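To keep things clear, I will list the structure first and then write my remarks on it.
The values are calculated or read from the model by the stated rules, or taken from the named source; none is laboratory data. A quick note: this is a predicted structure, and the numbers were derived from the prediction, not measured. Positions of Cβ are backbone-derived with ideal geometry, glycine not excepted, and every protein chain shown enters the neighbour counts. Side chains included, ligands, DNA and RNA excluded: accessible areas come from the protein's heavy atoms. Shrake-Rupley method; radii C 1.70, N 1.55, O 1.52, S 1.80 Å.
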Amino acid sequence: MTTRINAVPHAVPAEEAAVPFADCHISTEAQTAALRVLRSGWVTTGREVAAFESEFATSVGAECAVAVSSCTQGIELALRSLGLPPGSLVLSSTMTFCGAVQAIVHAGLQPVLVDVDPVTGMPTRSTVRNAVRSFGPPAAMTLVHWAGDLADVPGLADAAELPLDRVVVDAAHALGTYAGSTPIGSGCGATCFSFYATKNLPLGEGGIVTTDDPARAEWLRKARLHGMTADAWRRYLPGGGWRYNVAEAGLKANMTDLQAAMGRAQLAHLPSWQRRRAQIAARYDDQLAGLPGVRLPHRPDPGTGTHAWHLYPIRVQLNGGIDRDEVIACLSERAIGTSVHFIPVHRLAYFSQAALIPSMGLPGADVLFEQLLSLPIYPRLTDRQIDAVCTAIADLAHQGLTGKGTE
């Protein structure tokens, strides 16, 4: 028997239903700021980067912030700042972007992949302990606040028997959210954020590392630019002097003033953008709740924190032989963009060899991956577009329920 899904009926004109998956909105203020920097004659790391670091640290309640070229580079530098012996074990969720695990490899360390709860998409105390039993005590751990939901950072660190300063938090999805009343970005050794084009604060590229340890922040500032003791801005200022030394085996991972000026302007819009993301998630909730074969995203328990709504990842397991990839294809026919976050790292060719994988496998991630579907969510998404997405999914869910489209 061949399974085929009928095309989703066009309840609204196709041109009105077209919904791109992502939208990189650079505000008018950010465009103006970029033009100001371009006219200044200084576009690399300088005053704007220093100002952005200060303003960002204040916004997330951190003592220090160090702007870098990407979140991936931030994770690598944060791990390298620990001074661990080469080959030391570092735990990482397998349900994360490949770059987060590449950062472990490029830091000269050994990634150990940890399974996830198929509901939350994040490791549990039990899966962390399983990884530790399989390979021995880790020297450090990276944790991701997946999709904007909150990882249990203290609990997972405790399960790994690690102090919080040995935990590097990947908050690429979690800017603008809170654990209790505390903004994500403080309270552990280092937290890394992303300003990639699809993120909650989009610049196109860029990242930042926050820490409450000034000495660690100073190390990061040197290491992000070849380990040099003075960057070009300081050397070229009147009276700055041309001499410098190299104190660390650093990287070329600095942010530019052009990005930072845009970031300062974008940061002013973040609260309103976050409110809109929460509104979009609520509208999805209202229309998708109770659909057969559709499971809504997990979110923090009441009183424990908020969700950043970087992603809106549903799980689809429709009746009638309709799988996730067929749902994607049908939505694409309606010009509705979707994605999957993420392909588990252990399913990627390089990491299937380079990472340590527990002998029992990573079954939670495998189950989750086959059902995951990320829907569009960004501040300029309109209610009409949200409704078009929900109508299309509802039609598919009911096709699966009744068995229509099979032959």
Query raised in the report: Which cross-chain or sequence-distant (5 or more) residues have an amide H under 5 Å from the amide H of Y312, H modelled 1.01 Å from N in plane?
Result: L375
Query raised in the report: So how exposed is C390, as accessible area in Å² (1.4 Å probe, rounded to 10)?
Result: 0
Report summary line: Length-normalised contact order of the range 199-260, Cα under 8 Å, at least 6 apart, in percent, tallies to 36
Query - Shape category assigned to the chain from the gyration tensor of Cα positions, a/c cut at 1.5 - result: oblate
Requested in this report: With both partners inside the chain, how many of the DSSP beta bridges are antiparallel, as a percent to the nearest 5?
Outcome: 55
Query raised in the report: Which residue, S88, S27, S40, tops the fluctuation ranking in a GNM of the chain built on C-alpha contacts under 10 Å?
Result: S40
Report summary line: Cα-based Debye curve of the range 217-262 sampled at q = 0.19 Å⁻¹ gives log₁₀ I(q)/I(0) of -0.63
Requested in this report: Would you mind classifying the range 177-233 by shape? Square roots of the alpha carbon gyration tensor eigenvalues, ordered a ≥ b ≥ c; an a/c under 1.5 is rounded, otherwise it is prolate if a/b is larger than b/c and oblate if not.
Outcome: oblate
Report summary line: Scoring only Lys, Arg, Asp and Glu (+1, +1, -1, -1) among other residues with Cβ under 11 Å from the Cβ of W146 yields -3
Query raised in the report: Which residue fluctuates the most in the chain, going by a Gaussian network model with Cα springs under 10 Å, if the choices are R166, R243, R275?
Result: R243
**Report entry** Approximate shape of the range 247-307 as ellipsoid semi-axes (Cα gyration tensor, √5λ), whole Å, largest first
**Finding:** 37, 17, 12
Requested in this report: Calculate the tail of P(r) for the range 135-183: the fraction of all Cα-Cα distances greater than 18 Å, expressed in %.
Outcome: 31
Requested in this report: With only Lys, Arg, Asp and Glu charged, each at its Cβ (+1 for the first two, -1 for the last two), find how big the charge dipole of the chain is about the Cα centre; round to the nearest 20 debye.
Outcome: 880
Query raised in the report: Taking springs between alpha-carbon atoms closer than 10 angstrom, which of Q31, Q73, Q274 fluctuates most in the Gaussian network model of the chain?
Result: Q31
**Report entry** Relative contact order computed over the chain (Cα-Cα under 8 Å; 6+ residues apart), in percent
**Finding:** 26
